[in-house]
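Take a look at the structure below.
Since every read-out is calculated from the coordinates, none of them should be taken as a lab result. Computed from a prediction, not measured in an experiment: that's the story for all the values here. Every residue, glycine among them, receives a Cβ derived from its backbone with ideal geometry; neighbour counts consider all protein chains shown.
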Amino acid sequence: MAVISAVVRRRRVPERMFGSKVIVARPTDGTPVVLAATATVVWRRIEGWTTLFEVVDALGDAFPTVAEDVRLLTASEILERLEDDELIERG
């Protein structure tokens, strides 16, 4: 997945906050997908068109003690999973 050079945004799907997590409905079949706290930060950040590096910055704001290379890897993995669940689109 080449998210680094792309911009992504979340699809409009039903969602509900549950503590520090978000539950979203997969658009293809409505299956609930539970996003952990870190993925929730990403989900909130990609409401509009967003680059990978903007996501990494958002993770840095939420988790300032985490090294940038770890945030980059984490953001890439989360975006890949969101794409697998068809919860994001690319521009």
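Within the listed set D61, D29, D69, the Gaussian network model of the chain (springs between alpha-carbon atoms below 10 Å) gives the highest mean-square fluctuation for D29.
In terms of overall dimensions, the chain has a Cα radius of gyration and Dmax of 12.3, 38 angstrom.
Projecting the Cα atoms of V24, A75, A6 onto the charge dipole of the chain, computed from C-beta unit charges around the Cα centre, puts V24 farthest toward the positive end.
Along the stretch 25-32 the Karplus relation, 6.51 cos²θ - 1.76 cosθ + 1.60 evaluated at θ = phi - 60°, assigns HN-Hα couplings of 9, 4, x, 6, 9, x, 4, x Hz to successive residues, with x for each Gly and Pro. Picking from G30, G48, G19, which is most flexible by a Gaussian network model of the chain using Cα springs under 10 Å? Largest GNM mean-square fluctuation: G19. Rounded to the nearest 20, the size of the Cβ-charge dipole of the stretch 7-86 about its Cα centre is 400 debye, with Lys and Arg at +1 and Asp and Glu at -1. 3J(HN,Hα) couplings calculated from phi for the stretch 18-23 with the Karplus curve 6.51 cos²θ - 1.76 cosθ + 1.60 (θ = phi - 60°) are, in sequence order, 9, x, 8, 10, 10, 10 Hz; Gly and Pro show x.
Mean separation of Cα pairs under 8 Å and 6 or more residues apart, divided by the residue count, gives the stretch 7-86 a relative contact order of 26 percent. Across the options V34, P64, L52, the greatest Cα extent toward the positive end of the charge dipole of the chain (unit charges at beta carbon of Lys, Arg, Asp, Glu) belongs to V34. Here S20, S76 are placed in order of increasing Cβ neighbour count within 10 Å, fewest first, which gives S20, S76. Show the residues, 5+ positions off or on another chain, whose built amide H is closer than 5 Å to the amide H of R26. When sequence neighbours closer than 5 places are left aside, the close amide H contacts are T31, V33.
Going from the residue with the fewest nearby Cβ atoms within 10 Å to the one with the most, W49, W43 rank W49, W43. A crude spin-label estimate for the pair A62 and A36, with each label 7 Å from Cα along the Cβ direction, gives 1.2 nm.
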